[in-house]
Amino acid sequence: MFTRREALFGAAIGAAAVAAMPAFSATFAPADIGALAREKVKLVAPPFVHPHDQVAKGGPKIVEFTMTIEEKPVVIDADGTTLNAMTYNGSVPGPLMVVHQDDYVELTLINPDTNTLAHNIDFHAATGALGGGELTLVNPGEQVTLRFKATRSGTFVYHCAPGGSMIPWHVVSGMSGAIMVLPRDGLKDDKGKPVKYDRIFYIGENDFYIPRDENGNFKSYETAGDGYDDMMKVMRGLIPTHVVFNGKVGSLTGDNAMKANVGETVLIVHSQANRDTRPHLIGGHGDYVWEEGKFANTPAKDLETWFIRGGSAGAALYTFLQPGVYAYVNHNLIEAVELGATAHFMVEGEWNDDLMTQVEAPKAIATN
Amino acid sequence: MPLSFLKVASVAIAAATVPIGLSAVSWSGHRLHPVTITVTLPPGSITYSLPGEFLRGEHPQANPRLKRRFNKPIEIMTYQVSVADYADCVKAGACQSPQETREIPPNAPVTGVSYLDASAYARWYSQATGDYWRLPTDEEWAFAAAERFRGGFEGLQADANNPAKRWLARYKAEAQLDRSPDPLPRSRGSFGVNSRGLADLSGNVWEWTSTCFVRATLAADGTGVANSLDNCGVHVVEGFHRTYMSNFVSDGKSGGCAVGTPPDNLGFRLVRDRPGWRKLILGYLGI
């Protein structure tokens, strides 16, 4: 009733597929799906994450999320450069969803008629139907609800994938986010001992490809579609004009710097839907890092820099030991400093002289 | 000089500034440019925090605040050097083109210029006008900027036991400015005039000064500087806040301020040194 061949077709068949869903679900879903508890979660904009239990209480449940797609111009740097962004729930990246392994994720995706383009969602955490992309294509004025079982634990990217060149274009216009599927009994260190975090931050990294005019200045367009041809040319050159955290240069600095205290353990979830990156916490480390983001694997220890493959999300756990201003960067430092991939942590607490001390302040070189 | 006289003179001079500037340039007889409008600041003094980094013992200190007296008038450009002004220097082959690609009105301040560019312009402009023009020192700039002078964020006492407190305090102070970026230079005059009659101070164009970055160790008893080291590869840049830039940097955004608020743009204005200034002004005022 729902063949691979159909799955590879476009929007028209997508609508038919959605209509076929109830029968499809009835055949394969466990009989007791209706008996499962339901929880409605209100998503929050990154770098923050909605409240959640680190260790699951009770059995698997259905976790309901709603995201509204919003196409809107956003300023992405201090020069006022504008991207005709496409967003999940109004933010770039889209919000981090948190569930536990064997929970069901039930997402209602709304594409209001104020938008101009068709969108969908491909969950790397989901199995089948192009990650759900084939079952979620919605035109402006439509909404759709998808349910998938979170069978594998870890951090996973989700992104828009409406077919052909629309896929990279929508992704580099902002349409990606991440979901974290926690093991039911929580995170564990390399020895299998439970570990917890006091704070969690979600950092989505984006590469943008803004066309320039003949003088080298960034162009702006009335609609995303107006800029499509020009942007595709820049994209095909594979050199981004901006590499940023959370949608714009400086979105996680200054007043928006992330905050923590000495002694607190922070989990940093980092996603990149399109391009490789290498997060590094200047002056700190990754105590336990799930570089590929999958919690069934033993975390790496004491990392200086970790590698996030394009199209994946990773997680790093760190306990701050020293106060100060920390820069969290993509350690391609050209991308960090020139293209924008820098965030800051402000960490309050007592200084530990044993860990570091300035033995002698700078002074003129001694001459005898 | 009696105080009351100084007060009267300063008011009179402020009112008379523009005519003085106009006529002064026209006297030189071989003007190549639109008339340079200047403001002449009467002698006076300023108490301000010195630029640079100050240590006592092994620890950073609040930058010392010093009273600085200017015994002679200072003649300084009312506006920053404009795109059109600077283009004359480029045309003459004495300046390199500014590192600026945006479309900017010709009467807006020139931006995308380094300390080296600003110095080259001052040299050329001096030759072209027959007068001696130079960048202002940091204290001259602060004196001229008056109520628009903010200074830096370096003026915080270090906690000997916790150096991070100073870093965090400085970071928060910068963040609290909450200054939204305003990068595109505007026509001269857009940022208004300060109490001394200078235009566009502390707008979105920061200005080069001739003052080198200095690291100084204060005497243990607090009576002065025990020793100091200048780094003249880096100069003080003044504007909305004080910062320090390498001489060759022309784009403030990538040139410094690893943490915090970088300058939107780098530009400059010049000071004219003239012999016998006091005599000239007094003569003009008929005193």
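The values are calculated or read from the model by the stated rules, or taken from the named source; none is laboratory data. Nothing here was measured: the structure is a model prediction, and the numbers come from that model. In this analysis, Cβ positions are derived from the backbone assuming ideal geometry, glycine residues included, and neighbour counts consider all displayed protein chains. We work out accessible area using only protein heavy atoms, side chains counted, and drop any ligands, DNA or RNA first. Shrake-Rupley method; radii C 1.70, N 1.55, O 1.52, S 1.80 Å.
If you find the alpha carbon centre of the range A:28-104 and of the range A:199-254, how far apart are they in angstrom?
Going from one Cα centre to the other spans 23 Å.
Do any trypsin sites (Lys or Arg not before Pro) in the range A:111-215 lie in a loop, going by DSSP, with at most 12 other beta-carbon atoms within 10 Å of their beta carbon, and if so which?
A:Lys191, A:Lys196
Roughly to the nearest percent, how much of the accessible area of the protein assembly as shown is carbon and sulfur, given a 1.4 Å probe?
54 percent
Based on DSSP H runs of at least 4 residues, each adding -39500 (n - 2.57), what is the mean residue ellipticity at 222 nm of chain A after dividing by all its residues, to the nearest 500 deg cm²/dmol?
Mean residue ellipticity, 222 nm, calculated: -3000 deg cm²/dmol.
With all pairs of different alpha carbon atoms counted, what Kirkwood hydrodynamic radius in Å does chain A show?
Across chain A, the inverse of the average 1/r is 21.7 Å.
Pick out, from A:Ala364, A:Gly177, A:Val49, the residue whose Cα sits farthest towards the positive end of the charge dipole of the protein assembly as shown, with +1 on the Cβ of Lys and Arg and -1 on the Cβ of Asp and Glu.
Result: A:Ala364, furthest along the dipole toward the positive end.
Are there any residues in the range A:166-215 with a reduction of at least 30 Å² in accessible surface when going from the isolated chain to the assembly of protein chains? Probe 1.4 Å, please list them by number.
A:Asn215
If the only charges are +1 at each Lys and Arg Cβ and -1 at each Asp and Glu Cβ, what is the size of the charge dipole of chain A around the Cα centre, to the nearest 20 debye?
Dipole magnitude for chain A comes out near 960 debye.
How large are Rg and Dmax for the range A:215-267 when only the alpha carbon atoms are used, in Å?
Using the Cα atoms of the range A:215-267, the pair Rg, Dmax is 17.3, 50 Å.
In whole Hz, with x marking every Gly and Pro, tabulate ³J(HN,Hα) for the range A:136-142 from phi via Karplus 6.51 cos²θ - 1.76 cosθ + 1.60, θ = phi - 60°.
Karplus-based 3J(HN,Hα) across the range A:136-142 equals 10, 5, 10, 7, x, x, 10 Hz.
Looking at the square roots a ≥ b ≥ c of the eigenvalues of the Cα gyration tensor of the range A:276-333, which shape do they give, rounded for a/c under 1.5, prolate if a/b is larger than b/c, or oblate?
It comes out oblate by the Cα gyration axes.
In the range A:66-92, what residues drop by 40 Å² or more in accessible surface going from the chain by itself to the full protein assembly, probe 1.4 Å?
Residues meeting the cut-off: A:Ala78, A:Asp79.
Give me the number: length gained by fully extending A:Lys57 to A:Arg152, i.e. 0.36 nm times residue separation minus the C-alpha to C-alpha distance, one decimal in nm.
32.4 nm
Rolling a 1.4 Å sphere over the protein heavy atoms, what is the accessible area per residue of the range A:200-348, to the nearest Å²?
Result: 39 Å² of accessible area for each residue.
With an 8 Å cut-off on Cα pairs and a minimum separation of 6 or more residues, tell me the relative contact order of chain A in percent.
Here the relative contact order equals 14 percent.
Using only alpha carbon positions, build the gyration tensor of the range A:200-348, then give the equivalent ellipsoid semi-axes as the square roots of 5 times its eigenvalues, largest first, whole angstrom.
31, 17, 12
I need the phi-derived Karplus couplings for the range B:184-189: 6.51 cos²θ - 1.76 cosθ + 1.60, θ = phi - 60°, integer Hz, Gly and Pro marked x.
Per residue, the Karplus-derived 3J(HN,Hα) values read 7, x, 10, 3, 4, x Hz.
Given Cβ point charges of +1 (Lys, Arg) and -1 (Asp, Glu) and nothing else, what value in debye, to the nearest 20, does the dipole of the range A:101-175 about its Cα centre take?
For this selection, approximately 160 debye.
Per residue and in Å³, how big is the convex hull formed by the alpha-carbon atoms of the range A:121-180?
83 Å³
Around A:Gly340, which amide H atoms from residues at least 5 apart in sequence, or from another chain, sit under 5 Å from its own amide H, with H modelled in the peptide plane?
Under 5 Å from the amide H of A:Gly340 lie the amide H atoms of A:Val243, each far enough along the sequence or on another chain.
Which GluC sites (Glu not before Pro) in the range A:172-249 pass both tests, a DSSP loop state and at most 15 other beta-carbon atoms within 10 Å?
A:Glu214, A:Glu222
What does the average come to when, for each residue of peptide A:243-254, you count the partner chain Cβ atoms lying within 10 Å of its Cβ?
Partner-chain Cβ atoms within 10 Å, mean over residues of A:243-254: 2.
Name the GluC sites (Glu not before Pro) in the range A:106-191 that are in a loop by DSSP and that have at most 11 other C-beta atoms within 10 Å, would you?
Here no loop site has a sparse enough neighbourhood.
State, in square angstrom and to the nearest 100, the accessible area buried between chains A and B, both chains counted, probe radius 1.4 Å.
2000 Å²
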